[in-house]
Amino acid sequence: MAHSAYVPSAAGGAVSSVANADGTLDVSPTTGAVVAALDTAHPNVWTDSQIIRSGLASAQSAPLTLSGLSASNMPSYLLDCRNDPLNNAQVANIGTDGSFNGEGDCSINGMFWGNGQHIINLDAGNIALGAVAIIHGGTGAVSASAGLNNLLPPQAGNAGMVLGTDGTNAVWQSMPATSTEAEWSYSTNNTMADPGSGNFRTNTTAWSTVTALAVNRLTNNGVDRTNLLSAVQVNDTVLVNTKANSSNFARYKVSGAVVNNTTWFQVPVTQVAVGGTPPGNNTACILTFK
């Protein structure tokens with residue numbers, strides 16, 4: 001901003017008129033009770049920090065609006081909103097390296113802040129659009145699925161797992177195992193065919209060498225277990241034990257697809273563990289599928 005110019009008169013050096021050399025001031029009138037004001041249409045360069053108080057007269061007044069501010073014409077400045085009855089002084093287009101401190105409740109481009117908060121570099125060139133880092137409260141991604149994957153524990157090698165907690169952090173855990181049991185009577189006939197209503201059989205007498213089970217769809221109390229037997233999958237476990245003595249048992253892993261023969265099911269298995277003595281014919285046994 002250039003200094004005002006004056007022209008001394010011939011009589012005693014009194015001011016006869018006032019003018020502004022570079023147009024930064026509006027001077028009116030130029031003689032007498034001179035009034036000089038900033039020309040708001042002229043780009044003014046401020047080289048020192050400025051304090052701007054809104055000081056609106058009433059709640060019906062329009063908010064104070066400052067626009068076009070940048071580091072080149074206002075390197076640092078303070079907008080004091082404490083005297084603004086509307087608490088809505090506004091600033092737009094803050095340039096690179098410009099800093100802004102708000103006193104009271106103010107807004108920049110619709111963004112509000114309270115006393116003492118500091119906002120810097122709000123020009124469009126310094127606002128990154130896209131992924132916001134997790135450390136800054138974002139997801140580190142621009143899509144919902146990618147953001148969710150970033151927030152979850154690592155998924156590699158955890159297919160089939162479910163999300164759980166170790167009491168402190170979210171972790172992947174195995175699906176809780178469920179088991180269903182029912183009662184069939186053991187048939188000592190080792191032929192892989194329908195063992196008859198309420199019965200099951202093995203393809204060898206020694207339970208340690210069994211490779212297949214034949215199970216009727218009906219339990220020995222007449223309950224249809226077609227749905228249960230149809231749902232048995234490879235790697236499921238079948239535990240067989242006598243009802244009267246659980247120490248007589250055999251544990252098998254399902255080794256192949258179960259075959260539905262309508263009235264009975266053939267289950268291919270491999271032996272995992274055995275104990276005690278195989279039961280006699282028609283002995284009540286519990287089969288647990290897990």
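The values are calculated or read from the model by the stated rules, or taken from the named source; none is laboratory data. Keep in mind that what you see is a predicted model, and the values were worked out from it rather than measured. Every residue, glycine as well, gets a Cβ built from its backbone with ideal geometry; the counts of neighbours run over all protein chains shown.
Would you check which residues across the stretch 263-290 are hydroxyl-bearing (Ser, Thr, Tyr), modelled with pLDDT under 95 and within 48 Å of the chain's Cα centre (by Cα) and list them?
Thr288
Kindly provide the set of residues from the stretch 248-287 that are farther than 13 Å from Leu213 by Cβ, without any contact (Cβ under 8 Å) to a residue 40 or more places away in the chain and assigned to a strand (DSSP E or B), ordered by number.
Result: Phe249, Asn260, Val272, Ala273, Gly275.
Here is a list of conditions, (1) in contact with a helix residue (DSSP H, G or I) (Cβ under 6 Å, 6 or more places away or on another chain); (2) at pLDDT below 80; (3) not small (Gly, Ala, Ser), and Thr180 meets all of them except one; can you say which number that is?
(2)
The rows are residues; the columns are (1) within 30 Å of Leu152 (Cα to Cα); (2) in a strand (DSSP E or B); (3) within 48 Å of the chain's Cα centre (by Cα).
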| site | (1), (2), (3) |
| --- | --- |
| Trp172 | yes, yes, yes |
| Trp184 | no, yes, no |
| Ala193 | no, no, no |
| Ser246 | no, no, no |
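Is it the case that Arg201 is without any contact (Cβ under 8 Å) to a residue 40 or more places away in the chain and among the charged types (D, E, K, R)?
Here the answer is yes, as Arg201 does meet what is asked.
Could you grab me the full set of residues in the stretch 1-36 that are modelled with pLDDT under 55, of a type in the set (A, V, I, L, M), out of contact with any Gly (no Cβ under 9 Å at 6 or more places or on another chain) and part of a loop (DSSP other than H, G, I, E, B)?
Hits for the stretch 1-36 are Met1, Ala10, Ala11.
Within the stretch 233-252, count every residue that is in contact with an Asp or Glu (Cβ under 9 Å, 6 or more places away or on another chain) and within 13 Å of Val274 (Cβ to Cβ).
The number of residues fulfilling the criteria is 1.
Here is a list of conditions, (1) loosely packed, with under 14 Cβ neighbours inside 10 Å; (2) within 15 Å of Tyr186 (Cβ to Cβ); (3) of a type outside the set (A, V, I, L, M, F, W, C), and Gly256 meets all of them except one; can you say which number that is?
Exception for Gly256: condition (2).
Considering only the stretch 221-232, I want to know if a residue exists there that is at pLDDT below 90 and assigned to a strand (DSSP E or B).
no
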